[in-house]
Amino acid sequence: MDRRAFGLSAVASVAVAGCGGPNQVSRFKTYTGPEVTSLVINKGARKIYLLHGQEILRDYKMDLGFAPQGPKRVEGDGKTPEGVYHIDRRNPNSAFHLSLGISYPNAEDLARAAALGKMPGGEIFIHGEPNDKKARKRAGRVPDWTAGCIAVRNEEIEEIYAMVRDGTPIALRA
């Protein structure tokens, strides 16, 4: 590539990078503190705890599935799982701002649902608020509005997304 073409492409790159404007804040935060070694979800208290060993680094209020009492057993029951899982994926293009996937269902969950002749469900995430304005308005009116996921405010999922790595264990308790 000649110098002129390189210079033009560099100028174009800088111009495009500036298109977001000064008021646009990235939802992708950085985190340089202690490693999050586990998450604990206390369904009864409606709290998420991010831990480094035994030390609580952060805690957040949360909403759950529309039928929060008891563990998730089958698809469509509106319950949030209980048990030990891990963060197995992340979705930067979530319909709920950002999201972190939970490894539900595990082998036990699959067997339990099969014994009932049902599917266990899946796609359980920790996520933010709905991107859709109508859905966000509804979620703001009712507690425990998800289909079984764990929901926090958008600012909070941005922080959680930055702090928690794939593979981090997560204990979901009643």
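Read the figures in this text as sums done on the coordinates, not as results from a lab. What you are looking at is a predicted structure, and each value in this text was computed from that prediction instead of being measured. We place every Cβ from the backbone using ideal geometry, glycine too, and count neighbours over all the protein chains shown.
Filtering the stretch 31-55 to residues that are of a type in the set (S, T, N, Q) and either under 17 Å from THR146 (Cβ atoms) or free of Cβ contacts under 8 Å to residues at least 60 places away in the same chain (or both) leaves THR32, ASN42, GLN54.
Answer yes or no as to whether LEU51 is outside any loop (DSSP other than H, G, I, E, B), under 12 Å from the mean Cα position of the chain (by Cα) and buried (at least 16 other Cβ atoms within 10 Å of the Cβ). Judged against the criteria, LEU51 is not a match. Consider the stretch 110-134 and keep the residues that are under 17 Å from the mean Cα position of the chain (by Cα) and among the aliphatic types (A, V, I, L, M). The one that is nearest to GLY83 (Cα to Cα) is ILE124. Note on the stretch 64-88: among residues that are closer than 20 Å to TRP145 by Cβ and β-branched (Val, Ile, Thr), the one that is surrounded by the most Cβ atoms within 10 Å (Cβ to Cβ) is THR80.
May I ask you to list the residues in the stretch 139-173 that are in contact with a Phe, Trp or Tyr (Cβ under 7 Å, 6 or more places away or on another chain) and more than 18 Å from PRO81 (Cβ to Cβ)? Scanning the stretch 139-173 gives ALA139, GLU156, ALA162, MET163.
Scanning the stretch 39-48 for residues that are in a strand (DSSP E or B) and among the aliphatic types (A, V, I, L, M) yields LEU39, VAL40, ILE41, ILE48.
When we screen SER26, SER99 for residues that are under 15 Å from GLU159 (Cα atoms), among the polar types (S, T, N, Q) and touching a residue at least 40 places away in the same chain (Cβ under 8 Å), the only hit is SER99.
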